[in-house]
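The values are calculated or read from the model by the stated rules, or taken from the named source; none is laboratory data. If you're wondering where the values come from, they're calculated on a predicted model, not measured in any experiment. In this analysis, Cβ positions are derived from the backbone assuming ideal geometry, glycine residues included, and neighbour counts consider all displayed protein chains. Ligands, DNA and RNA are excluded from the accessible area calculation, which covers all protein heavy atoms including side chains. Shrake-Rupley method; radii C 1.70, N 1.55, O 1.52, S 1.80 Å.
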Amino acid sequence: MKAWQDKIRSVVPYTPGEQPNRQNMIKLNTNENPYPPAPGVRQALDSFDEDRLRLYPDPTAGLLVNTLADYYGVGKDQVFVGVGSDDVLAVAFMTFFNSDKPIFFPDITYSFYPVWADLFRVPYEKKALTEDFAIRPEDYYPANGGVIFPNPNAPTSRYEELSVIEDILEHNQDVIVIVDEAYIDFAGESALKLLERYENLLVVQTFSKSRSMAGMRIGFAIGHPDLIRAMNDVKYSFNSYTMNQTALVLGAEAVKDEVYFKECVNKIINTRERAKAEFSSLGFTYPEPGANFIFVTHPEYPAQELFAALRAQDIYVRYFNQPRIDNYLRVTIGTDEQMTALFNFLREYMR
Ligand code: PMP
């Protein structure tokens, strides 16, 4: 071994879902939105003046920050934007999780959390969800270095009522509590409502799911101005120009079209209701889904076998070979046509 080798920061990276690019594939594996972004995004792209690319973008991302602040009815000093919520969450980890005490997150959750914790040398403790994949708030009462969880959770799709989140906040007023709301638009009330009462709460959302813009990479956090200032200090110490010119313009366009946004979200929720019925009729069970995906298991057909059979048909879903969830498939809600193809295949396969 060479002397410099043990100075290398060694990390086990996050494994993103595969991004196959095959004609006629049905891609239900990374929770993307099957519908295009708002029509205004297309127009803004068509009329985008490429001369703007000559110049650095606004480092404050003012256009996007202001649009989001207006939309959510918060101050401009309460919004932080980043390159997807992965970037926002990474900055939040670096900014807020600096204690010797472990941060807490669920044992079954977004698998990037332990990766950032390891990368930034943050100790952590996983808190086991119940058999039904519910968060037990009392697990989060002991002293800790911070708390983070998604709501709805991934990959279970389960949504926790705000009372659960408030219970956790009530018992954690001396640390930062991050609620990762990547999928909130498909579920119930957002924790944004609690911001007035808890200045240690940071709510993180994304344009990748409900706004159909995973490819653009836009995420944001809303919280107390002191938290946002601290995150910006870290960002400016790392990379000032994270948001490119097109992301600023197209992101702002996407937020403006609330009618289209609601229409798309409702279509996905309706298809999800249909998918629930279809999965049930085939004998699958699942936690009540709150996101744009459903986490299914079958008493007779091993998930890994189904995963491979679907893949052979160019139908991609997500399988996690991890304790407690290794007999589940996470299936993104696609268009009605895509779901029909999925169920036609499953019905045939499971006959
Ligand atoms: N949080 C959760 C819970 C997710 O599932 C994802 C999607 N992989 C993200 C955050 C990150 O999404 P993005 O970086 O596209 O905003």
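With respect to ASP70, is the statement that it is more than 16 Å from the ligand (Cβ to nearest atom) and surrounded by fewer than 22 Cβ atoms within 10 Å (Cβ to Cβ) true? Spell out the reasoning first.
Details: more than 16 Å from the ligand (Cβ to nearest atom): yes; surrounded by fewer than 22 Cβ atoms within 10 Å (Cβ to Cβ): yes.
Yes; evaluated as a whole, the condition is true for this residue.
Among the candidates VAL265, VAL234, the residue that is farther than 18 Å from ASP70 by Cβ, open to solvent by less than 20 Å² (accessible area, probe 1.4 Å) and among the aliphatic types (A, V, I, L, M) is uniquely VAL265. When TYR260 is tested against (1) in contact with a helix residue (DSSP H, G or I) (Cβ under 8 Å, 6 or more places away or on another chain); (2) aromatic (Phe, Trp, Tyr); (3) away from the ligand (no atom under 16 Å from the Cβ); (4) not in a helix (DSSP H, G or I), just one condition goes unmet, and that condition is (4).
Condition check ((1) open to solvent by less than 50 Å² (accessible area, probe 1.4 Å); (2) outside any loop (DSSP other than H, G, I, E, B)) across all residues:
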| site | (1), (2) |
| --- | --- |
| SER280 | no, yes |
| GLY290 | yes, no |
| GLN304 | no, yes |
| ALA308 | no, yes |
| ASP326 | no, no |
| MET339 | yes, yes |
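Of all residues in the range 290-331, those satisfying the criterion of being in contact with a strand residue (DSSP E or B) (Cβ under 7 Å, 6 or more places away or on another chain) and of a type in the set (D, E, K, R) are ASP314, ARG318, ARG330.
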